[in-house]
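K.L.:
Can you keep this structure in mind? I'll have questions shortly.
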Amino acid sequence: MSVSGERFTVGGDLLGPIESGTSLLLTGDDSDALETVFHRLVAPDADERSVVLAADLPGSAVRRSLDGARRRGGSRSYVLTGDGRSGENVETVDDIGDLTRLGMEFSSLVASSQREADRFRTGIFLCSTICAEAEDTRSVYRFLNSSFLTDIRRGEGIGVCAVDTSADIGADVDSTVTGLKTSFAAHVEVERTGPNEAELTVSGLDGADETLTVSL
């Protein structure tokens, strides 16, 4: 269990404790490896809440994955999804490319989570899907800066934004990632190196760069 002011721990010894207010850009070309790392990062501890924007996954699947990453993590989470049906702590949006509404709905869920617990984790999976559906990448930058990143700065939380670099987003994905890096405090690149193993190249956390090998 954590208390106010403590860093956020990550399940499975994936990374060291993360300072509140940190935003992480998570990239890689293997969506399954990305998904595993993403859920470990955003799964909430017992006195935290999590809010996930899932562009590609049903809310029920997200909550199951959060349960797998941390015991009862899914029951302490809210999901906004463009895939599947609404349900307990799961809300749906008809158009994942409508970033104005998306930002309002997402910030509303973050506010709801903070009424239950001060500490929170937020995540977007996959931002590359939003880029593909949005009018242009500039509108995605505006959405991230006006909603996602602002919510992290205002409260006691961390945020993770996942981008599948193999996706067709209608623009150059490498240039998009380069642009996104300027808005995020840290960058974690995920490369699958085996059936159940990945290499994480980490930059910007605690002012140090490192490469880690983790189990999936």
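The values are calculated or read from the model by the stated rules, or taken from the named source; none is laboratory data. For clarity, every value in this text was computed on a predicted model and none was experimentally measured. So basically every Cβ, Gly included, is an ideal-geometry build from the backbone, and we count neighbours across all protein chains shown.
K.L.:
Does Leu41 meet the test of being within 30 Å of Gly207 (Cα to Cα), in contact with a helix residue (DSSP H, G or I) (Cβ under 8 Å, 6 or more places away or on another chain), in contact (Cβ under 8 Å) with a residue 60 or more places away in the chain and not hydroxyl-bearing (Ser, Thr, Tyr)?
P.N.:
On the way: within 30 Å of Gly207 (Cα to Cα): yes; in contact with a helix residue (DSSP H, G or I) (Cβ under 8 Å, 6 or more places away or on another chain): no; in contact (Cβ under 8 Å) with a residue 60 or more places away in the chain: yes; not hydroxyl-bearing (Ser, Thr, Tyr): yes.
Considered against the rule, which asks whether it is within 30 Å of Gly207 (Cα to Cα), in contact with a helix residue (DSSP H, G or I) (Cβ under 8 Å, 6 or more places away or on another chain), in contact (Cβ under 8 Å) with a residue 60 or more places away in the chain and not hydroxyl-bearing (Ser, Thr, Tyr), Leu41 comes out as no.
K.L.:
Give me the residue from region 32-46 that is within 11 Å of the chain's Cα centre (by Cα) and β-branched (Val, Ile, Thr) and, out of that set, farthest from Phe8 (Cα to Cα). Spell out the reasoning first.
P.N.:
Taking region 32-46 first, the residues within 11 Å of the chain's Cα centre (by Cα) are 34-35, 37-43.
Adding the requirement that they be β-branched (Val, Ile, Thr) leaves 37, 42.
Details: Val37: 15, Val42: 10 Å.
Checked region 32-46; the qualifying residue farthest from Phe8 (Cα to Cα) is Val37.
K.L.:
Can you name the residue in region 192-216 that is hydrophobic (A, V, I, L, M, F, W, C) and modelled with pLDDT under 95 and, of all such residues, is nearest to Glu35 (Cα to Cα)?
P.N.:
If we filter region 192-216 for residues that are hydrophobic (A, V, I, L, M, F, W, C), which is where we start, we get 198, 200, 202, 205, 208, 212, 214, 216.
If we keep only those that are modelled with pLDDT under 95 too, we end up with 205, 208, 212, 214, 216.
Details: Leu205: 20, Ala208: 24, Leu212: 17, Val214: 14, Leu216: 10 Å.
If we take residues in region 192-216 being hydrophobic (A, V, I, L, M, F, W, C) and modelled with pLDDT under 95, then Leu216 is nearest to Glu35 (Cα to Cα).
K.L.:
Taking region 105-127, which residues are of a type in the set (D, E, K, R) and under 28 Å from Ile169 (Cβ atoms)?
P.N.:
Glu105, Arg121
K.L.:
Continuing with the same structure: Scan region 43-88 for residues that are over 19 Å from Thr129 (Cα atoms), among the hydrophobic types (A, V, I, L, M, F, W, C) and crowded, with 24+ Cβ neighbours inside 10 Å and report the count.
P.N.:
Residues meeting the conditions: 2.
K.L.:
Can you tell which of Asp136, Asp118 is touching a strand residue (DSSP E or B) at 6+ places or on another chain (Cβ under 8 Å) and not hydroxyl-bearing (Ser, Thr, Tyr)? Working first, answer last.
P.N.:
Details: Asp136 fails: touching a strand residue (DSSP E or B) at 6+ places or on another chain (Cβ under 8 Å).
It is Asp118.
K.L.:
Quickly run through region 104-152 and pick out the residues that are surrounded by fewer than 22 Cβ atoms within 10 Å (Cβ to Cβ), more than 22 Å from Leu34 (Cα to Cα) and of a type in the set (Ser, Thr, Tyr).
P.N.:
Ser107, Ser108, Ser112, Ser139, Ser146, Ser147, Thr150
K.L.:
Moving on. Sort out for me the strands (runs of 3 or more DSSP E) sitting completely within region 59-134 that have 2 or more residues that are over 26 Å from Leu216 (Cβ atoms), touching a residue at least 12 places away in the same chain (Cβ under 8 Å) and touching a Leu at 6+ places or on another chain (Cβ under 8 Å).
P.N.:
90-92
K.L.:
Of everything in region 154-191, what is acidic (Asp, Glu) and farther than 17 Å from Leu34 by Cα? Give them in sequence order. Don't jump to the end; show me each part of the working.
P.N.:
Kept after step one, since they are acidic (Asp, Glu), are these residues of region 154-191: 156, 164, 168, 172, 174, 189, 191.
Glu156, Asp172, listed by residue number.
K.L.:
Follow-up question, since we're still on this one. Answer with yes or no whether Leu24 is out of contact with any helix residue (DSSP H, G or I) (no Cβ under 6 Å at 6 or more places or on another chain), surrounded by 20 or more Cβ atoms within 10 Å (Cβ to Cβ), part of a strand (DSSP E or B) and modelled with pLDDT of 95 or more.
P.N.:
Yes.
K.L.:
Among the residues of region 12-25 satisfying the criterion of being among the hydrophobic types (A, V, I, L, M, F, W, C) and out of contact with any His (no Cβ under 8 Å at 6 or more places or on another chain), which is nearest to Leu144 (Cα to Cα)? Spell out how you get there, then give the answer.
P.N.:
Within region 12-25, the first condition is being among the hydrophobic types (A, V, I, L, M, F, W, C), and the residues that meet it are 14-15, 18, 24-25.
Add one more test, that the residue is out of contact with any His (no Cβ under 8 Å at 6 or more places or on another chain), and what stays is 14-15, 18.
Numbers: Leu14: 25, Leu15: 24, Ile18: 20 Å.
Looking at the filtered set, the residue picked out is Ile18.
K.L.:
Can you name the number of the only condition in (1) part of a loop (DSSP other than H, G, I, E, B); (2) within 17 Å of the chain's Cα centre (by Cα) that Arg49 fails?
P.N.:
Tallying (1) part of a loop (DSSP other than H, G, I, E, B); (2) within 17 Å of the chain's Cα centre (by Cα), Arg49 fails exactly one: (1).
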